Amino acid sequence: MAGYVVVGTQWGDEGKGKIIDVLADRADYVVRFQGGNNAGHTVVVNGEKFILHLLPSGMLHGNGKCIIGPGVVVDPKVLLKELDTLEEKGAKVDHLFISDRAHIIMPYHIRIDELNEETSGENKIGTTKRGIGPCYADKINRIGIRAVDFLNMDIFAEKLKRFLEKKNQIITKIYESEPLSYEKILADYTGYADRLRHRIIDSIPEINKALDEDKLVLFEGAQAMMLDINYGTYPYVTSSSPTTGGVTTGVGVSPRKITKGIGVMKAYTTRVGEGPFVTELNDELGEKLRQIGGEYGATTGRPRRCGWLDLVVGKYAVDINGLTDIVITKIDVLSGLDTVKICVAYEIDGKRYDYVPASTEILYRAKPIYEELPGWKEDISQMKTYEELPENCKKYIKRMEEFLNCPISVVSVGPDRSQNIHIREI
Ligand code: GDP
Ligand code: IMO
Ligand code: MG
């Protein structure tokens, strides 16, 4: 049995897409278990860049099946556009399936997300405005529409009529905005359903059987540890569980079937949107990391906030996800610095914290306690073995490994599928 989970260990954009693509070469299934098209996962194949929002990052390897799992929220318009784009580029798309239990993002979810952000002033979350939060809220409130409803459009139409009536009251009366048209949504979604129906399946028996037969199933996380609805910097989080626990509820597999927890960790930290960020660099160095690392959102294009590596967050991610392996990414971006810093604890109101506190208000006051290490100058992006790496780069990796008490298995040194140093087999 081989169920590998790949999760982000920081605030997203660690390079999960690239790592999934690398591992997908030998996978029988790649399954998204949460989130939606708030994700932007970049895969670079022979210099050609693909950004995937809803499609699993295993799409570009034709070997296994790709599944959008029950815990995902699906915008069908975005999904069809992504499939069309891949097809135009000559990629295979017939290996993509959608769980019948996945919830559907409706135009009113997107509109309410936008209106809520626009009217929240300094309390806004900085969401991607893709309707993610409102869709998950309806799911929990038991007024969601699911992919299975695309299999019977009478049921779909009845639900749409009932739910839209109330949503339009919110849109017009609370936000004083224009109501959405039932006829237009029904016509658009009937078109989407017609094009997606043949891909809608009950994924639960198939994935469980695959695991029982010792096939390799990769569970692809979107977002990350610190954006987790339960454990992240609440309320500045997303509305799902991007941590390992999300796999059991988001795919319908037992925790006993998860054999590896692979955490993707950027060698420094970035964050998009609002919320506390203890090691943020609001200076020239932060700007330098943004430029060299190309730190602009793959979904919204927003500049990412940049800062030093935060191992308090890293340790939290190791514990909560039960990580068995860490993949470090973008360490090539740190080349050329005289010294590099690693945050090993926080100081808050004169007290040392080794763990992430629950209170966002307290976290805003945290000061990073750093260890400073010597930097390295060499361009490492073409290096293929651990031995070739500059001594100070190795020291950085070793210090991370020692602090986190978790093996570092792969070091990614560039965006391409081929730019990896394998230290131990995953
Ligand atoms: P994801 O959301 O975790 O999949 O990450 P994103 O795709 O949003 O952001 C990661 C960015 O870094 C993308 O532009 C990748 O092509 C790029 N990337 C991934 N790994 C590396 C690496 O090791 N070095 C460099 N320089 N870029 C990388
Ligand atoms: P990937 O999978 C980085 C952030 C948003 C915002 C918060 C809530 O590419 O790592 P939402 O639209 O989910 O309600 O927004 O979460 N966010 C991400 N940040 N990478 C992502 O995905 C993100 N998905 C959501 O910027 O702060
Ligand atoms: Mg991303």
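The values are calculated or read from the model by the stated rules, or taken from the named source; none is laboratory data. Here the structure is a predicted model, which is why all the values come from computation and not from measurement. No Cβ is skipped: glycine too gets one built from the backbone with ideal geometry, and neighbour counts run over all protein chains shown. When the accessible area is computed, the model is the full protein with side chains, heavy atoms only, and any ligands, DNA or RNA have been set aside. Shrake-Rupley method; radii C 1.70, N 1.55, O 1.52, S 1.80 Å.
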Worksheet entry | Selected residue (criterion: most open to solvent (accessible area, probe 1.4 Å)) from residues of the range 221-262 that are more than 14 Å from ligand 2 (Cβ to nearest atom) and among the charged types (D, E, K, R) | Arg256
Item to complete: Can you run down the residue pairs with Cβ atoms below 6 Å, 6 or more apart or on separate chains, where the first is in the range 39-56 and of a type outside the set (Val, Ile, Thr) and the partner is open to solvent by 60 Å² or more (accessible area, probe 1.4 Å) and within 13 Å of ligand 3 (Cβ to nearest atom)?
Response: Gly40/Ile51
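For every residue, the table says whether it meets (1) of a type in the set (Lys, Arg); (2) within 11 Å of ligand 1 (Cβ to nearest atom); (3) outside the structural domain of Ser239 (by the TED database).
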{"residue": "Arg26", "(1), (2), (3)": "yes, no, no"}
{"residue": "Arg32", "(1), (2), (3)": "yes, no, no"}
{"residue": "Asn38", "(1), (2), (3)": "no, yes, no"}
{"residue": "His41", "(1), (2), (3)": "no, yes, no"}
{"residue": "Val44", "(1), (2), (3)": "no, yes, no"}
{"residue": "Leu52", "(1), (2), (3)": "no, yes, no"}
{"residue": "Ile68", "(1), (2), (3)": "no, no, no"}
{"residue": "Val74", "(1), (2), (3)": "no, no, no"}
{"residue": "Glu82", "(1), (2), (3)": "no, no, no"}
Worksheet item: Taking the stated definitions as given, is Lys18 among the basic types (Lys, Arg), surrounded by fewer than 24 Cβ atoms within 10 Å (Cβ to Cβ), outside any strand (DSSP E or B) and outside the structural domain of Tyr189 (by the TED database)?
Response: no
Discussion item. Considering only the range 265-274, I want to know if a residue exists there that is open to solvent by 50 Å² or more (accessible area, probe 1.4 Å) and within 14 Å of ligand 2 (Cβ to nearest atom).
Written reply: yes
Worksheet, complete the sentence: Quick count over the range 140-149, residues being crowded, with 19+ Cβ neighbours inside 10 Å and assigned to a helix (DSSP H, G or I), is 2
Discussion item. Can you go through Gly221, Gly246 and tell me which one is within 16 Å of ligand 1 (Cβ to nearest atom), out of contact with any strand residue (DSSP E or B) (no Cβ under 6 Å at 6 or more places or on another chain) and touching a residue at least 24 places away in the same chain (Cβ under 8 Å)?
Written reply: Gly246
Worksheet item: Which of the residues spanning the range 326-353 are β-branched (Val, Ile, Thr) and touching a Lys or Arg at 6+ places or on another chain (Cβ under 7 Å)?
Response: Thr329, Ile342, Ile348
Discussion item. What are the pairs with Cβ atoms under 7 angstrom where one residue, in the range 79-107, is closer than 15 Å to Ala193 by Cα and touching a residue at least 24 places away in the same chain (Cβ under 8 Å) and the other, located anywhere, is surrounded by fewer than 16 Cβ atoms within 10 Å (Cβ to Cβ) and of a type outside the set (A, V, I, L, M, F, W, C)? Sequence gap at least six, or different chains.
Written reply: Leu80/Arg195; Asp100/Asp202
Worksheet item: closer than 30 Å to Thr248 by Cα, of a type in the set (Phe, Trp, Tyr) and either more than 16 Å from ligand 3 (Cβ to nearest atom) or part of a helix (DSSP H, G or I) (or both), is that true of Tyr370?
Response: no
Worksheet item: Within the range 288-325, can you find the residues that are over 18 Å from Asp228 (Cα atoms), more than 15 Å from ligand 3 (Cβ to nearest atom) and not charged (D, E, K, R)?
Response: Leu289, Gln291, Ile292, Gly307, Trp308, Leu309, Thr324
Worksheet item: Taking interchain pairs and intrachain pairs at least six residues apart, which have beta carbon atoms under 9 angstrom, with the first residue in the range 120-131 and open to solvent by 40 Å² or more (accessible area, probe 1.4 Å) and the second assigned to a loop (DSSP other than H, G, I, E, B) and of a type in the set (Phe, Trp, Tyr)?
Response: Ile125/Tyr236
Worksheet entry | Filter result (touching a strand residue (DSSP E or B) at 6+ places or on another chain (Cβ under 8 Å), of a type outside the set (Phe, Trp, Tyr) and open to solvent by 10 Å² or more (accessible area, probe 1.4 Å)) within the range 21-39 | Val22, Leu23, Arg26, Asp28
Worksheet item: In the range 373-393, how many are open to solvent by 40 Å² or more (accessible area, probe 1.4 Å) and assigned to a loop (DSSP other than H, G, I, E, B)?
Response: 6
Worksheet item: If you check Pro70, Pro56, which single one turns out to be open to solvent by less than 20 Å² (accessible area, probe 1.4 Å) and closer than 16 Å to Arg197 by Cα?
Response: Pro70
